[in-house]
Each structure stands twice: as structure tokens, then as C-alpha cells.
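> This is the structure I have questions about; it appears just below.
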Amino acid sequence: MTPSVRRALRLEHRLTQPNASLADLEAAVALATSHELSGLTVSPWLVKSAKRKLGRSRVTLGTVIGFPHGSNLTATKVFEAQRALEQGAVELDMVLQIGLLRSGLTDDVRVDIAAVVAAAGDGALVKVILENAYLTDDEKVTGCRLAEDAGAAYVKTSTGYAPSGATLDDLRLMRATVSPHVKVKAAGGVRTLDALIDCINAGIDRCGATATATIIDDLRSRQG
């Protein structure tokens, strides 16, 4: 399996489970680097160690902000972002203020996202997690537009901790809502190669997964 094929998978391996250990990080880094994945996303406390272990690898290092509920105060999210950048993260997956969005307080949602985008500056990109399981289609559209207005680089379906994750209908809706320069990331429940291919066909640019090894093994098997 060549690097170009691996990267065509658009896979980011995720290690944000509450019980993830340093041993789990070792395995995650080995997986991400050996298969030259697009990225590795880890819990905030693992960023510094992950940066050191990735070394000169081309795998991008990301972490999560306001995770998994998005209900942190904006100042807390900004602090999290600043610390993550100091420790080596270059991608920030932030959960928007779900309650504010559902309350119709769209200006406050935009300000929350924009503050993290400003903290990221030119050194990192921000992916905004909508957590679609809790939103109506109209709220998903509004969330996508607010994320774009605030300067986010990506809109993302979910954290993986809500009642449901990425759906093809949601991915198509998100892709149709944001401008071409804003990318779409699937996350939550994408556990097979066929599911990943469906997501790619729906217009995603990245996919966050925990079943990464299974997906890659399936691809290797199909390639003979």
C-alpha cells in the first residue's frame, strides 16, 4: 500500500478516550506514522508527549477543545487552545456551544468560535464540531454558516460520544452549506472501509476514526 493510497483514505486516528494511557499513545503514534495517516488527534494531556513521539513525521498533530460537550466558557476554550499550540498541536477540533445554538443565540456561538480561531492564528487550523445528533437540519445549517463566518477551516459532524455520529445525509448537507474552501470532516461511527468510501463520496475531506487499523487492514486485503 503506497503512501499516496494511504493518504487518499483521508484518515485521522483518534485517541481521545477518557481511559487512554501513555501505552495507548505509543500504539497510536506507531499506527499513524507507519501508515502515514493524515493526522493523529489526542486528548489535551497527551499533546506534549505525542509531539515528541511523532518527531519529524508528516502526520499532523491535533487535539480537542471544549470536548466533548462544548459547554465550557469561551475563555476556557481559548486557554485550552493556547496551551495546545504551545505543546505542539497544529489542528484544534473544538465543540461549539450546542446549547447556545439551540437557543438561537447565534451571535454568541459565532463569538465563541471566532475566539478559538483567533487564538489559533496562522499556526493552526480549527475544526468546528457541531454534534449533529442534538441538532435539527436547520440548526446544522446555521452551525455550519456560523463556523464559516468565524473563520473555521473545517466543519465536523460529531465527537463520537453523542447518541449518533456521522451520517451520509448530514455530510451532504454540510458540504452543500459551506463554501468550497471550508472542509468537511466525518467522525463517529465510521468503522469500515465501505463506510469510509461512502463518506468520501459524500464530499468529506477528512475522517476521524478509532477503527483505523481495521479499515487499513481491509484495504490491504482488497489490494491483495
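> So which residues in segment 139-155 are of a type in the set (S, T, Y) and under 16 Å from I204 (Cα atoms), if there are any at all?
Matches in segment 139-155: Y154 only.
> Now, a different point. Pull up segment 36-80, narrow it to residues that are within 21 Å of A118 (Cβ to Cβ), within 14 Å of the chain's Cα centre (by Cα) and of a type in the set (A, V, I, L, M), then point me to the one that is surrounded by the most Cβ atoms within 10 Å (Cβ to Cβ).
It comes out as I65.
> Here's something else I'd like to know. If G208 meets every condition in (1) in contact with a Phe, Trp or Tyr (Cβ under 7 Å, 6 or more places away or on another chain); (2) assigned to a strand (DSSP E or B) apart from one, which number is that one?
The failed condition is (1).
> Which residue out of S43, S38, S21, S71 is more than 18 Å from D93 (Cβ to Cβ) and either in contact with a helix residue (DSSP H, G or I) (Cβ under 7 Å, 6 or more places away or on another chain) or not basic (K, R) (or both)?
One residue alone meets the criteria, S21.
> Can we say L101 is touching a Leu at 6+ places or on another chain (Cβ under 8 Å), farther than 22 Å from A202 by Cα, crowded, with 21+ Cβ neighbours inside 10 Å and in contact (Cβ under 8 Å) with a residue 12 or more places away in the chain?
yes
> Being touching a residue at least 24 places away in the same chain (Cβ under 8 Å), hydroxyl-bearing (S, T, Y) and touching a His at 6+ places or on another chain (Cβ under 9 Å) is the requirement here; does T41 meet it?
yes
> Under 8 Å between Cβ atoms, which residue pairs at least 6 apart in sequence (or on different chains) link something in segment 117-129 that is crowded, with 18+ Cβ neighbours inside 10 Å with a partner that is part of a loop (DSSP other than H, G, I, E, B) and β-branched (V, I, T)?
A124/V90; L125/V90; I129/T157; I129/T159
> Looking at segment 112-160, which of its residues are assigned to a helix (DSSP H, G or I), in contact with a Ser or Thr (Cβ under 7 Å, 6 or more places away or on another chain) and within 14 Å of I65 (Cα to Cα)?
Across segment 112-160, the qualifying residues are D112, A115.
> Another one. With the requirement that a residue be surrounded by fewer than 21 Cβ atoms within 10 Å (Cβ to Cβ) and either part of a loop (DSSP other than H, G, I, E, B) or of a type in the set (D, E) (or both), what does segment 183-202 give you?
If the condition is that a residue be surrounded by fewer than 21 Cβ atoms within 10 Å (Cβ to Cβ) and either part of a loop (DSSP other than H, G, I, E, B) or of a type in the set (D, E) (or both), then G189, R191, T192, D194, D198, A202 are the ones that fit.
> Another question about this same structure. For segment 142-175, how many residues meet the condition of being in contact with a Gly (Cβ under 6 Å, 6 or more places away or on another chain) and in contact (Cβ under 8 Å) with a residue 60 or more places away in the chain?
1
> For segment 196-217, which residues satisfy the criterion of being free of Cβ contacts under 8 Å to residues at least 40 places away in the same chain and closer than 20 Å to L40 by Cα?
I197, C199, A211, T214, D217
> Return only the number of the condition from (1) more than 17 Å from K156 (Cα to Cα); (2) touching a Phe, Trp or Tyr at 6+ places or on another chain (Cβ under 8 Å); (3) β-branched (V, I, T) that V78 does not satisfy.
(2)
> Moving on to the next point. So which helices (runs of 4 or more DSSP H) are wholly in segment 1-94 and hold at least 2 residues that are closer than 19 Å to A211 by Cα and of a type outside the set (A, V, I, L, M, F, W, C)?
Once the helices (runs of 4 or more DSSP H) in segment 1-94 are filtered for at least 2 residues that are closer than 19 Å to A211 by Cα and of a type outside the set (A, V, I, L, M, F, W, C), what remains is 3-8, 22-34.
We did not get these values from a lab; they are worked out from the coordinates using the rules stated. Predicted model only: the values in this text are computed from it and were never measured. Ideal geometry is used to build each Cβ from the backbone, glycine not excepted, and the neighbour counts take in all protein chains shown.
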